[in-house]
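Please treat every number below as a calculation from the coordinates, not as lab data. All values derive from a computational prediction rather than experimental measurement. In this analysis, Cβ positions are derived from the backbone assuming ideal geometry, glycine residues included, and neighbour counts consider all displayed protein chains.
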Amino acid sequence: MAEITTENIKKLREITGAGIMDCKKALSKAEGDFEKAQEILRQKGAEKAEKKKDRATNSGLVKTLVNEKGGVIIEVNCETDFVASNEEFKAMTDEIAQELIGLDEKDVNIETMPAEAKEKVNAKVTALIGKIGENMSLKRCLKFAVPENGMVKSYVHMGGKIGVLLALTATAEAIKAPETAELAKDLTMQIAAQAPKRICRECYTAEELEKQKKLIQELAAEENPKKPANIVERIANGKLEKFFEAECLVDQMFIKDPSKKVAELIKEVSKKVGGEIKVERFVRYCLGE
């Protein structure tokens, strides 16, 4: 049996993050074998995680990470705001984001995450559950690549309550312009604040549009039972336009200058930089939604 020293206990604690007494007990049970002790601690963490898996996780953090190849957005949940503000929990969200952005795959979500990456993420979560004692989980994630002649920008609002990941494209020269980077920043803030669902009205399928038009027409008819059909139709068309203004990014009024729509802003900046700028995709996570 290898000697169980204070130095060995400290070393095991640094490796696993487990408490001092847990490390001491694990080393004693493993007769000083470091690998066996680590496995004992992993198993203990897994048992704790299993016991807590049904407990509600209504708090947490949204985290984004961007590099030259792409961007990642994740939502990691825990039980309380106290743990969400814990430095170890924050460090774990950073590690998960780093793990995902390092994947070779260009487009990854929680369903398509490679098994090896999923195992690493689960191990990190399980270890921290065992140490802190709250249920935690990676609720959702998305990684996407920088498009050709494009950029990916991110924004996190309210200390990790809301996060946005955005991809733009333009001409090779226009994408390098500082005005394009500033536009990307403004658009991520717009998305965070106004929560659009699509880029533009053309993003809806014919079936989706028909369903929405029908709902709006029925609502207009219910609210105006005594008005002629042509007036009701006009009211319905107005409501449909309001729907697009709320749901579509380019149809929204720009939060920094409500005198113009986002589409006008993009057109103005495109003219300045000498090339058309397009929003290719975006995703917005709001904690708990």
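Calculate how steeply helix 229-247 sits against the longest principal axis of the alpha-carbon atoms of the chain, using the helix alpha-carbon long axis, and give the answer as 0 to 90 degrees to the nearest 10.
30
Among GLY274, GLY160, GLY130, which one shows the biggest mean-square fluctuation in a GNM of the chain, springs joining Cα atoms closer than 10 Å?
GLY274
In cubic angstrom, how much convex hull volume per residue do the alpha carbon atoms of region 131-252 span?
Details: hull volume 23.5 nm³, N = 122.
Each residue corresponds to 193 Å³ of Cα convex hull volume.
Which listed residue (THR5, PRO178, ALA192) has the Cα farthest towards the positive end of the charge dipole for the chain, taking +1 on Lys and Arg C-beta and -1 on Asp and Glu C-beta about the Cα centre?
The residue sitting farthest along the positive end of the dipole is ALA192.
Could you state the angle between the C-alpha long axis of helix 178-194 and the longest principal axis of the C-alpha atoms of the chain, as a value from 0 to 90 degrees rounded to the nearest 10?
Once rounded, the angle reads 90 degrees.
In region 217-289, what trypsin sites (Lys or Arg not before Pro) fall in a loop by DSSP, with at most 15 other Cβ atoms inside 10 Å? The partial results should precede the final answer.
On the way: sites: LYS226, ARG234, LYS239, LYS242, LYS256, LYS260, LYS261, LYS267, LYS271, LYS272, LYS278, ARG281, ARG284; in loops: LYS226, LYS256.
Answer in residue order: LYS226, LYS256.
Given the -39500 (n - 2.57) contribution per DSSP H run of 4+ residues, what per-residue ellipticity at 222 nm results for the chain, rounded to the nearest 500 deg cm²/dmol? Show your work: numbers first, answer last.
Numbers: 10 runs with 143 residues, N = 289.
Rounded to the nearest 500, it is -16000 deg cm²/dmol.
Given 10 °C and 1.306 mPa s, how large is the Stokes-Einstein diffusion coefficient of the chain in µm²/s, with Rh as the Kirkwood radius over Cα pairs?
Result for D is 71 µm²/s.
Against the longest principal axis of the chain, how steep is helix 115-132, in degrees 0 to 90 to the nearest 10, with axes from Cα atoms?
70
How about region 106-189: which GluC sites (Glu not before Pro) there lie in a loop by DSSP and see at most 11 other Cβ atoms within 10 Å?
Working: sites: GLU111, GLU116, GLU119, GLU134, GLU148, GLU173, GLU179, GLU182; in loops: GLU111, GLU134, GLU148, GLU173.
Within region 106-189, the qualifying GluC sites (Glu not before Pro) (loop, at most 11 other Cβ atoms within 10 Å) are GLU111, GLU148.
Excluding THR171 itself, calculate the net charge of residues whose Cβ lies under 12 Å from the Cβ of THR171, where each Lys or Arg counts +1 and each Asp or Glu counts -1. If you can, show how the numbers build up before the last one.
Numbers: positive: LYS176, LYS278; negative: GLU148, GLU173, GLU276.
Residues near THR171 contribute -1 overall.
Among GLN212, GLN43, GLN98, which one shows the biggest mean-square fluctuation in a GNM of the chain, springs joining Cα atoms closer than 10 Å?
Between GLN212, GLN43, GLN98, it is GLN212 that shows the largest mean-square fluctuation.
Counting other Cβ atoms within 10 Å of each Cβ, which GluC sites (Glu not before Pro) in region 63-109 have at most 10 and sit in a DSSP loop?
Working: sites: GLU68, GLU75, GLU79, GLU87, GLU88, GLU95, GLU99, GLU105; in loops: GLU68, GLU79, GLU105.
Within region 63-109, the qualifying GluC sites (Glu not before Pro) (loop, at most 10 other Cβ atoms within 10 Å) are GLU68.
Rounded to the nearest 20 debye, what is the charge dipole size of region 59-145 about its Cα centre when +1 sits on each Lys and Arg Cβ and -1 on each Asp and Glu Cβ?
The dipole magnitude comes to about 80 debye.
Mind telling me which of THR112, THR126, THR188 comes out most flexible in a GNM of the chain, alpha-carbon contacts under 10 Å?
Residue with maximal mean-square fluctuation among THR112, THR126, THR188: THR112.
Any idea what the dipole of the chain comes to, in debye rounded to 20, about its Cα centre with Lys/Arg Cβ at +1 and Asp/Glu Cβ at -1?
On the way: 49 positive and 50 negative charges, 114 e Å.
The dipole of the chain has a size of about 540 debye.
Hey, got the Cα dimensions of region 59-145 along the principal axes, in Å, largest first?
Principal axes ranked by extent give 34, 22, 16 Å for the Cα atoms.
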